[in-house]
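Here, each number is a calculation from the coordinates, and none is a lab measurement. Quick caveat, the model's predicted, so the values are computed rather than measured. Note: ideal-geometry Cβ built from the backbone for every residue, glycine included; neighbour counts use all protein chains shown.
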Amino acid sequence: MVLGVTDVTYSRLNADAAAALMDQLCEVYADAYGEVPGEDTNVKADAFRDRATGALGARNFELVTARVGDELVGFVFGYSLRQERDWFAGLDPAPEPGFTDERGGERTVVLAEIEVRKGWQGKGIGRGLHDTFLGGRREERATLTANPAATATHALYAGWGWQRVGTIPGRPGAYYREYAMFVRPLPLADRS
């Protein structure tokens, strides 16, 4: 039986609630990626825990979870971008003047993670998480970064209204040496 989107419950949670779920979030993350040839699963999972824990203190942090019954099947989290974060540093090609200005720190929301357990992928849960998270944001635009070689993911994002704006170098301790960067306007357009 393939469950429909109506069988999924989406919930918005703050940083305190997210911290209490950290072990479960790590389990979902590990399941979503599974074993990838050539990658050390433990290194990637530890890096995720560090990123997720660090994000809890970010401005306007929010977690959206997807549950089927009591099972956590996916999540997304993000936060408002602050000017001093220098998120767009090294963007290639160089953006137009003003592109990197955050105007008070609430121009851009970072969609930091979106993960769905392997067994639940392809059922619309990722799109439901995406739309629930971004549909509740006040910022003018959203941004995310992705593995530059993940072309299937890039195509999925393009279908969801994201535009690739270039690549940025990975920061010290980042999993990849560079990342593909995407931006999309908010609010979301009606999908109906």
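Data table
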{"quantity": "Residue among E106, E115, E27 with the largest mean-square fluctuation in a Gaussian network model of the chain, springs linking Cα atoms under 10 Å", "calculated": "E27"}
{"quantity": "Compactness relative to 2.2 N^0.38 Å, alpha carbon Rg of segment 67-121", "calculated": "1.60"}
{"quantity": "Distance in nm between pseudo-label sites at E27 and R171 (7 Å out along the Cβ direction from Cα)", "calculated": "2.9"}
{"quantity": "Angle between the chain longest axis and helix 22-33 axis [Cα atoms, degrees, rounded to 10]", "calculated": "90"}
{"quantity": "Cα extents of segment 5-185 along the three principal axes, largest first (Å)", "calculated": "48, 38, 30"}
{"quantity": "Charge sum, other residues only, whose C-beta stays under 12 Å from G166's C-beta, Lys/Arg counted +1 and Asp/Glu -1", "calculated": "-2"}
{"quantity": "Rough spin-label spacing in nm, given labels placed 7 Å along Cα→Cβ, for E84 and R107", "calculated": "1.8"}
{"quantity": "Cα-centre dipole for segment 62-173 with unit charges at Cβ (Lys and Arg positive, Asp and Glu negative), debye to 20", "calculated": "300"}
{"quantity": "Positive-end residue of F99, F75, A32, charge dipole of the chain with Cβ unit charges", "calculated": "F99"}
{"quantity": "Magnitude of the charge dipole, the chain, Cβ model with Lys/Arg +1 and Asp/Glu -1, debye to 20", "calculated": "420"}
{"quantity": "Separation in nanometres of the label points that stand 7 Å from Cα toward Cβ, at K44 and E140", "calculated": "3.6"}
{"quantity": "Theoretical gain in end-to-end length, W160 to F99 [0.36 nm per residue, Cα-Cα removed]", "calculated": "19.8 nm"}
{"quantity": "Fraction of beta bridges assigned by DSSP in segment 5-185 that are antiparallel (%, nearest 5)", "calculated": "90"}
{"quantity": "Two-decimal Rg to Rh for segment 130-192 - Kirkwood Rh, Cα set", "calculated": "1.01"}
{"quantity": "Ranked K44, K118, K123, criterion: other C-beta atoms within 10 Å, fewest first", "calculated": "K118, K44, K123"}
